[in-house]
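The values are calculated or read from the model by the stated rules, or taken from the named source; none is laboratory data. Since this is a predicted model, take the numbers as computed values, not measurements. Glycine also receives a Cβ, built like all others from the backbone with ideal geometry; neighbour counts cover every protein chain displayed. Only protein heavy atoms, including side chains, enter the accessible area calculation; ligands, DNA and RNA are left aside. Shrake-Rupley method; radii C 1.70, N 1.55, O 1.52, S 1.80 Å.
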Amino acid sequence: MSQSPAELKAEIIRLTREYAARTHQNNRPGYETASSDRPAFVPGQTVVPYAGRVFDEDEVAAAVGSTLDFWLTLGPEGDAFENELGAFLKVKKALLINSGSSANLLAISALTSAKLGDRQIRPGDEVITVAAGFPTTVAPILQNGLVPVFLDNDPLTLNGRVDQLEAALVPGKTKAVMMAHTLGNPFDLATVTDFCRRHGLWLIEDNCDALGCRYDGQLTGTFGDLSTQSFYPPHHLTMGEGGAVNIVREMRLKVLVESFRDWGRDCWCASGKDNTCNKRFGWQLGELPEGYDHKYIYSHLGYNLKPLDPQAAIGRQQLRKLPAFIQARMDNWQTLRTGLADLEEFFTFQLPTHATAWTPEGFVWDASGHRTECSWFGFMMLVKAGAPFSRRDFVRALDAAKIGNRMLFGGNLVRQPAFVSLKQQRPDAFRIIGDLPGADQIMKESVFVGTYPGLTPAMLSYLIETIRGFVKKH
Ligand SMILES: Cc1ncc(COP(=O)(O)O)c(C=O)c1O
């Protein structure tokens, strides 16, 4: 007798799991006891990535299962993922987006909606941000016709210099602060949230590199009005491409973000649903005739930035592993920091915000009383100006040893070709506070290697030995 569709699906999933268990050994978490199928680590030959996908047969089975269901567009898996991410963060709502960059674009775009009345951010208004970091934290500000105002970075924490906030403020013109928790290091949220509250500013936390990090015990991404996530492979969880906008408190922002995500429409029906508002043909908006189909009424100049349902299915499996991933990043950082403890003469090691030093017993904290917990995106080192080798010597040696390494993304962004030509064409396109020496230092000296959960103990030891061996040669 032929199998039923349900039996066929179960058989496909069983085979998929078997296939994935055999073929993706190298992508399993590094903290798992090495399975006999995992190829042995060969120093100098096996690549030690700075980051990458960490998954097992659960994710592959979820992707295949959802593909067989063939809903395709955001649907049941997307709904479940949004609910589960929202519950993890304890925010009002998490909205799934097709990338972290799109999430940043939507977060700031939503705040330009005329529906916000006197809280609307209007063309020419200013948004305070940070000079060194990832370009798409800043580009959406300009793409919305707004003016970024760049704070410098502190080269120790790599976060924005919040002592410059007051200098950056132009009352009546400054409308928001939008900045990232750099490499999993929460920025000084006490100072920033107080600043925003006192001046009536919106706060967007770019939490793309910091899912699971905490400030005074509370998860980052839950302090601002909106926050964003990226689910690209190097991040704390992945679905290939993907991102989220988190609506922290005010549900009126959900409708706006959703509208910009979904073509700019006024209607809020989920995919495949009609008439959620119960008056589909009962609206009169703009100069449209009364009763015009609400599904085709556009209150914003929107986009289409939705991911697919199978991506959400993968993300749901990753969410289940997230607590272990968060812990692995902390543990791996600690292992590397301990192994490189006596190299402070050559490197400045990144410090958590509010910490003043690292010791084998723990961090030394400043007098503010605030504490940060970092689930590190990477292990960041700045090659000291007086070191007997250059940053270029160091990254070449890492490359030769097959150790993945990265700089702090775009470095001092205002020195990037896109910003240099923008300044030439429109000198008032952005403003800079001071001369940005911290951002320049980060641009010239920073290098990070991996802390991601795919690293095995053998890889971590090799990383430490290689860096120590390199320093010894000089
Ligand atoms: C801080 C930060 N924001 C935004 C992004 C963009 O995310 P995505 O690559 O998903 O567009 C990244 C990418 O790594 C990032 O590091």
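Numbers below:
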quantity	calculated
For the range 88-214: Kirkwood Rh in Å [reciprocal of mean 1/r, alpha carbons]	14.9 Å
Karplus-derived HN-Hα couplings along the range 460-474 (A = 6.51, B = -1.76, C = 1.60, θ = phi - 60°), whole Hz, x at Gly and Pro	5, 5, 4, 4, 5, 4, 5, 5, 5, x, 4, 5, 4, 5, 9
Base-10 log of normalised Debye intensity for the range 349-432 (one unit scatterer per alpha-carbon) at q = 0.12, 0.24 Å⁻¹	-0.64, -1.11
Normalised contact order of the range 362-474, rounded percent, pairs of Cα under 8 Å and 6 or more residues apart	42 percent
Estimated [θ] at 222 nm from DSSP helical runs (n ≥ 4, -39500 (n - 2.57)) normalised by residues in the chain, nearest 500	-11000 deg cm²/dmol
Simple spin-label estimate for residue 193 and residue 363 in nanometres, 7 Å along Cα-Cβ	1.7 nm
Contour minus Cα-Cα distance for residue 24 and residue 271 (0.36 nm per residue)	85.6 nm
Coarse-grained scattering of the range 1-126 at q = 0.09, 0.18, 0.19 Å⁻¹, given as base-10 log I(q)/I(0) from a Debye sum over alpha-carbon atoms	-0.50, -1.14, -1.19
The range 242-261 and the range 382-441: distance between their alpha carbon centers, rounded to Å	33 Å
Violating pairs (Cα-Cα greater than 29 angstrom) within the set 115/295; 173/306; 173/295; 93/321; 384/423	173/306; 173/295; 384/423
Gap separating the Cα centres of the range 283-342 and the range 79-116, nearest whole Å	6 Å
Amide H contacts under 5 Å for residue 159, placed H, 5+ residues apart	154
DSSP beta bridge pairing in the chain, given as percent antiparallel to the nearest 5	60 percent
Area of residue 267 that stays accessible when all protein chains are in place (1.4 Å probe, Å², to 10)	10 Å²
Accessible area (Å², per residue) of the range 263-328, counting only protein heavy atoms and a probe of 1.4 Å	57 Å²
Trypsin sites (Lys or Arg not before Pro) restricted to the range 248-357 and DSSP loop, no more than 14 other C-beta within 10 Å	249, 273, 279
Overall form of the range 387-474 per C-alpha gyration tensor (a/c, 1.5; a/b vs b/c)	prolate
Over the chain, relative contact order from alpha-carbon pairs under 8 Å, at least 6 apart, %	23 percent
Residue-level accessible surface for residue 46, protein heavy atoms, 1.4 Å, Å²	40 Å²
Value of relative contact order over the range 133-265, rounded to a whole percent, pairs C-alpha under 8 Å and six or more apart	15 percent
Overall dimensions of the range 163-234 by Cα: Rg and Dmax, Å	12.5, 40
Segment residue 4-residue 399, length gained on full extension (0.36 nm per residue, minus Cα span)	136.9 nm
Portion, in percent, of the accessible area of the chain that falls on carbon or sulfur, probe 1.4 Å	55 percent
Heavy-atom surface of the range 413-474, accessible at 1.4 Å and reported per residue (Å²)	49 Å²
Quotient of Cα Rg and 2.2 N^0.38 Å for the chain, N being how many residues it contains	1.03
